[in-house]
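A short reminder: the numbers here are calculations on the coordinates, not readings from a lab. Keep in mind it's a predicted model, so treat the numbers as computed, not measured. A quick note on method: Cβ atoms are made from the backbone with ideal geometry, for glycine too, and the neighbour counts reach across all protein chains shown.
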Amino acid sequence: AGIDAALMATFERDLSTGRITWSSRHEAMWGYAPGEFDGTDAGFERRVHPEDLPGIHAHWEPMLRGEPFEVEFRIRLNDGATRWLVSKGRAQLDEAGVAVRIAGISRRPWRCRSGRRDARPRRATTS
């Protein structure tokens, strides 16, 4: 309801299995047909623009300590087009402080009134 109205999509990752689960809206945002995303790192990284992977990877260690993350990056669609996305979330820690699950949302970057994406670059940043 609220997530759909805000044009956001959800994702989560089980760190014990490595399995990534995307909502149907998340798959569509990435240009996948329902059920097409294979739930793997390779499936995720295959679509991320290669120049943006280091920024995403830079969030891994802080995120595993429970720090929230927010990262803006490009993905490549099947037709060769590029799309910007923003993902943000946090790892869930167990009682020992070990990350067991990552959950978050993705959305398209907000646009300014002219319809263009905000020109200020917002590369991989932590919240």
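Quick look at the values:
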{"item": "Region 27-99: translational diffusion in µm²/s, Stokes-Einstein, Kirkwood Rh over Cα pairs, 20 °C, 1.002 mPa s", "result": "158 µm²/s"}
{"item": "Separation of alpha-carbon centers, region 33-47 and region 52-105, rounded to whole Å", "result": "15 Å"}
{"item": "Taking region 54-99 and dividing mean pair separation by its residue count, relative contact order in percent (alpha carbons under 8 Å, at least six apart)", "result": "38 percent"}
{"item": "When region 67-109 is reduced to its Cα atoms, the Kirkwood hydrodynamic radius in Å", "result": "11.9 Å"}
{"item": "Spacing of the two label points (7 Å from each Cα toward its C-beta) at THR21 and LEU64, in nm", "result": "2.3 nm"}
{"item": "Peptides 83-94, 11-22 ordered by average Cβ neighbours within 10 Å, highest first", "result": "83-94, 11-22"}
